[in-house]
Protein chains: 4
Amino acid sequence: MRLEKGLGRAFRTRVHEQLETERWKRKGLSPTNWFLLFLILGSLVLYTAETEREFQASEFRGLTEANVLILIVFCAEFVARLWAAGADERFKGWAGRGAYIRAHPALFMADFLAFAPELLLLSLGLTPPGALRSLRVIRLFKMARYFPTFKLVVDALRSCVQELLVALSLSVVLWYLAAVLLYLAEGDVQPDGFGSITRSMWWSVVTLTTVGYGDIYPVTAIGKVAAGIVAVIGLGTVALPSGIIAGAFMEKFRTRRQP
Amino acid sequence: MRLEKGLGRAFRTRVHEQLETERWKRKGLSPTNWFLLFLILGSLVLYTAETEREFQASEFRGLTEANVLILIVFCAEFVARLWAAGADERFKGWAGRGAYIRAHPALFMADFLAFAPELLLLSLGLTPPGALRSLRVIRLFKMARYFPTFKLVVDALRSCVQELLVALSLSVVLWYLAAVLLYLAEGDVQPDGFGSITRSMWWSVVTLTTVGYGDIYPVTAIGKVAAGIVAVIGLGTVALPSGIIAGAFMEKFRTRRQP
Amino acid sequence: MRLEKGLGRAFRTRVHEQLETERWKRKGLSPTNWFLLFLILGSLVLYTAETEREFQASEFRGLTEANVLILIVFCAEFVARLWAAGADERFKGWAGRGAYIRAHPALFMADFLAFAPELLLLSLGLTPPGALRSLRVIRLFKMARYFPTFKLVVDALRSCVQELLVALSLSVVLWYLAAVLLYLAEGDVQPDGFGSITRSMWWSVVTLTTVGYGDIYPVTAIGKVAAGIVAVIGLGTVALPSGIIAGAFMEKFRTRRQP
Amino acid sequence: MRLEKGLGRAFRTRVHEQLETERWKRKGLSPTNWFLLFLILGSLVLYTAETEREFQASEFRGLTEANVLILIVFCAEFVARLWAAGADERFKGWAGRGAYIRAHPALFMADFLAFAPELLLLSLGLTPPGALRSLRVIRLFKMARYFPTFKLVVDALRSCVQELLVALSLSVVLWYLAAVLLYLAEGDVQPDGFGSITRSMWWSVVTLTTVGYGDIYPVTAIGKVAAGIVAVIGLGTVALPSGIIAGAFMEKFRTRRQP
């Protein structure tokens, strides 16, 4: 891959190498990417702290300033990425930038949403509401860039996605049937928990996933029998995806060693 | 497969192609089947809403009318299916219709029970009781026709059905033994929860499936030791079917790629 | 295998064929074994009912009589088995009977304990205490004779028993460490639940098996962090045996198809 | 491997053989190691009992003496191990002792921490605080020496450690996202449980691991829908490591039988 020469272009090439993990020739991440990785984590720690009342009541000022600074850095990263992409022959010019975006559209969206909505509101002098601030968690997806090993697991999951979807569909059918069953069995006795199929569905999902909070459970004999059957079948809901994923990973491990 | 000619017969052939997924030549489902699929889902949404008190108290009228309409459509589908089956050489005449039913008896029953009991009662001027209305969930099984991928998972499960039955039998034995154990350990202290083996069985199933509602749990030292052992063995109850299904899926994935 | 002739000996041979499943030439179980199978189940249903107060208070008499009858039948079965074993060349005479017992010592013990202790006490005119009556559950193990398919699962489990024992040891170590951790974190705050390592162990087993009754859980920040780590590691406690068993079953399925 | 001769040296060789499991020529453990194994277990039983109030209030004296004795034995074992290592050519002299330590640094640390901190404080006339006494659980790791079969499982886990780390990372991301989701959904309604992301995280870990204590759970409709989705995805958190480990064990079992 030929890279452009020239003073400005040499700089652009270096920025490109700093930002794109697959262009970084040395082992690990570039200093810029290490900085960005820690900024992502730091910004999420800040967001988490922001929601804590004790922290809100504290004397800590500079929270808003820190937030604005982070937004600006992510904005600068976004612009720099697009500009520096031109250092690659494939991504030259406007059409090239389009190709760059289409290469990893999800990452591009994550980069954009990581700063744009909040920065826009702030620049208009408005305070971003809580729901919008929660968009900051999208920054987590920016991290996918730094962990190529994710592909190991994603590939194995993709090879059994059809079976997993069938398992999910079966679980949904089971979930509905369990809700109807308990509605019929306990609807009259416990109207708060089982008084309608919609209400029963909460119990049903809590039981089928074997979470079992204990906020609602059957009390009649017939309800307990029905719930017992549902709980046992619920084990299948755990065992089926477990088994499918196991099969896929086994196949993956086997082919890795038998080229 | 030769299809009959003639004006009426051409129509019957088209109806047959619209209704039977394996006769539909284009990709995906026929428009009629899409409509029926959404009607099934819609009728279940309606049934779910019907059980909700807020919805019952609402101003929404036309619920009964909508229900009758759905019953009539399912009745029409049932009759049309049987009539149009004659477009296939194999299913011609009365004997052919019998063969058609025997080809998929479970689907035929689901098609029939999806409308017949309720429509019969309504045509006699009676209001169907709640238990009968719950038969509507059978419509879920009508959907099996539209998801041929279910076969992927069902085949894998069938290949290990004997092992799964053994695992289930072991669980049942374990379940009973755990109930007796806790009845002996806690029966005197907590008569409400462990006062008889039958009562203990509820705790036993809730623990072995690792649901753990927390409505009943041992309080004595000996009971806690016994319950701890039961809970650990209960993990095996989860692990065994999980492992069996995983083994079956692995075998399936392996043979798929090594023809 | 040569069988003895003669009138009395022909009868013994027939009894032997009726009682021993591997000597029964036709498909399924012999009539005698069907009867014994139902008697086992019936005697356990009776025992279960006996523990129920509503049943105790009922007008149902004949419970004691039914119990004595069952004990006598099991006693007769035990004697007949030993006597009829002589129909087999290998098990002739006193030495042969010893060989017969050593062939399936666990089954022999189950056959003996299924009636002996209770019948002995009753014949001495004593009422068997509750703990002794609970020995009746040993009759469940008599059923192993009728389900040869159990071998399918037992064989797979035996092939990975060493790995399962290691997994169990790791779980025990983890269990103790988790108990110490929470004792240190919450011992002062919740003396009832975490006031000593022994107390903490109950919480620890309930969490590691993901049962989670909710009778005791950490309330301090440090305790919640520790409990979260324990819960995540607890998933491994489920995943490890699950994975080991899956590997064993896969191997079993693979060799079954590749002879 | 040549061993030194001479009276003192013959003794050192015998001590070395008694202490190092791989030098013990007969089957099983040497008498000294059996003694040490039981001492480890005994010292932990003592520590567990020490935390029990009923035991503290009991008349049992000699607890402190027993503890000092155990510390001295572990100290003696530590010194003897280092001294006797010289019986092996590789571990001769000071440099050899360094090589001995580097061969199993974790075991060396466990051996040292099993007695040193507490013995030091006691010899200074101070009472070791509770947190320091809890260091005794490190003695558990001394037991690794006696169970070579641990390697069976550790090897299988090592072969899929990368995939397991990815699964763990995915779980951490999921855990944070679930906490943010429920904070947004229920933060206003249940400030105690969901009032900040940090608080939500406790619910999140309890649900994703399917423990489900029931101390905190969503109560609003939107919160229940979100929690249901989280619980279903949480099953994946169980299924993914389960599947990865299963795949690794399968591969292990397969290669064991096909050399």
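The values are calculated or read from the model by the stated rules, or taken from the named source; none is laboratory data. Computed from a predicted structure; not experimentally measured. Cβ atoms come from the backbone with ideal geometry, glycine included; neighbour counts cover every protein chain shown.
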Open item on the list: Condition first: of a type outside the set (S, T, N, Q) and either free of Cβ contacts under 8 Å to residues at least 24 places away in the same chain or touching a strand residue (DSSP E or B) at 6+ places or on another chain (Cβ under 9 Å) (or both). Now tell me which residues in the stretch A:169-192 satisfy that.
Closed with: A:172, A:173, A:177, A:180, A:183, A:184, A:187, A:188, A:191
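Matching residues to (1) surrounded by fewer than 16 Cβ atoms within 10 Å (Cβ to Cβ); (2) of a type in the set (D, E, K, R); (3) outside the structural domain of residue D:116 (by TED's automatic domain parsing):
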{"site": "D:20", "(1), (2), (3)": "no, yes, no"}
{"site": "D:35", "(1), (2), (3)": "yes, no, no"}
{"site": "D:45", "(1), (2), (3)": "yes, no, no"}
{"site": "D:48", "(1), (2), (3)": "no, no, no"}
{"site": "D:68", "(1), (2), (3)": "yes, no, no"}
Task: Enumeration of residues in the stretch B:196-233 that are more than 10 Å from chain A (Cβ to nearest Cβ), in contact with a Ser or Thr (Cβ under 8 Å, 6 or more places away or on another chain) and more than 29 Å from residue D:54 (Cα to Cα) - done: B:196, B:197
TODO: Write out, first by first residue and then by second, each pair whose Cβ atoms fall under 6 Å of each other, whose residues are 6+ apart or on separate chains, and whose first residue, in the stretch B:207-218, is more than 14 Å from residue C:209 (Cα to Cα) while the second is among the hydrophobic types (A, V, I, L, M, F, W, C) and not in a loop (DSSP other than H, G, I, E, B).
DONE: B:216/B:203; B:218/B:227
Task: Filter pass, residue B:156 being touching a Leu at 6+ places or on another chain (Cβ under 6 Å) and within 10 Å of chain A (Cβ to nearest Cβ) - done: no
Task: Meets criteria (buried (at least 19 other Cβ atoms within 10 Å of the Cβ) and not assigned by TED's automatic domain parsing to the domain that holds residue D:18) for residue D:180 - done: yes
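In this structure, is residue A:40 of a type in the set (Val, Ile, Thr), buried (at least 18 other Cβ atoms within 10 Å of the Cβ), in contact with a Ser or Thr (Cβ under 6 Å, 6 or more places away or on another chain) and assigned by TED's automatic domain parsing to the domain that holds residue A:133?
Numbers: of a type in the set (Val, Ile, Thr): yes; buried (at least 18 other Cβ atoms within 10 Å of the Cβ): yes; in contact with a Ser or Thr (Cβ under 6 Å, 6 or more places away or on another chain): no; assigned by TED's automatic domain parsing to the domain that holds residue A:133: yes.
Against the criterion (of a type in the set (Val, Ile, Thr), buried (at least 18 other Cβ atoms within 10 Å of the Cβ), in contact with a Ser or Thr (Cβ under 6 Å, 6 or more places away or on another chain) and assigned by TED's automatic domain parsing to the domain that holds residue A:133), residue A:40 does not qualify.
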Task: Among the residues listed as D:247, D:243, D:236, the single one being closer than 20 Å to residue C:242 by Cβ, over 26 Å from the mean Cα position of the chain (by Cα) and either at pLDDT below 85 or hydrophobic (A, V, I, L, M, F, W, C) (or both) - done: D:236
Open item on the list: For the stretch B:122-136, which positions are more than 14 Å from chain A (Cβ to nearest Cβ) and among the small types (Gly, Ala, Ser)?
Closed with: B:123, B:125
Open item on the list: Within the stretch A:1-69, considering only helices (runs of 4 or more DSSP H) that don't extend past its boundaries, which have at least 3 residues that are farther than 24 Å from residue A:84 by Cα and either at pLDDT 85 or above or under 24 Å from the mean Cα position of the chain (by Cα) (or both)?
Closed with: A:31-50
TODO: Within the stretch C:237-256, track down each residue that is without any contact (Cβ under 8 Å) to a residue 24 or more places away in the chain and more than 7 Å from chain B (Cβ to nearest Cβ).
DONE: C:239, C:243, C:255, C:256
Open item on the list: For residue C:139, only one of the following conditions fails: (1) surrounded by fewer than 20 Cβ atoms within 10 Å (Cβ to Cβ); (2) more than 10 Å from every other protein chain (Cβ to nearest Cβ). What is its number?
Closed with: (1)
- [ ] Return only the number of the condition from (1) modelled with pLDDT under 85; (2) surrounded by fewer than 17 Cβ atoms within 10 Å (Cβ to Cβ); (3) not basic (Lys, Arg) that residue A:156 does not satisfy.
- [x] (2)
Open item on the list: Being within 30 Å of residue A:160 (Cβ to Cβ) and not charged (D, E, K, R) narrows it down to one residue among A:227, A:248; which is it?
Closed with: A:248
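Give the stretch C:205-259 a look and list any residue that's outside any helix (DSSP H, G or I) and not polar (S, T, N, Q), or say none.
Going through the stretch C:205-259, the residues outside any helix (DSSP H, G or I) turn out to be C:209-220, C:258-259.
If the condition is that a residue be outside any helix (DSSP H, G or I) and not polar (S, T, N, Q), then C:211, C:212, C:213, C:214, C:215, C:216, C:217, C:218, C:219, C:259 are the ones that fit.
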TODO: Tell me the helices (runs of 4 or more DSSP H) entirely within the stretch D:71-151 that contain at least 1 residues that are farther than 27 Å from residue C:176 by Cα, without any contact (Cβ under 8 Å) to a residue 24 or more places away in the chain and in contact with a Leu (Cβ under 9 Å, 6 or more places away or on another chain).
DONE: D:93-103
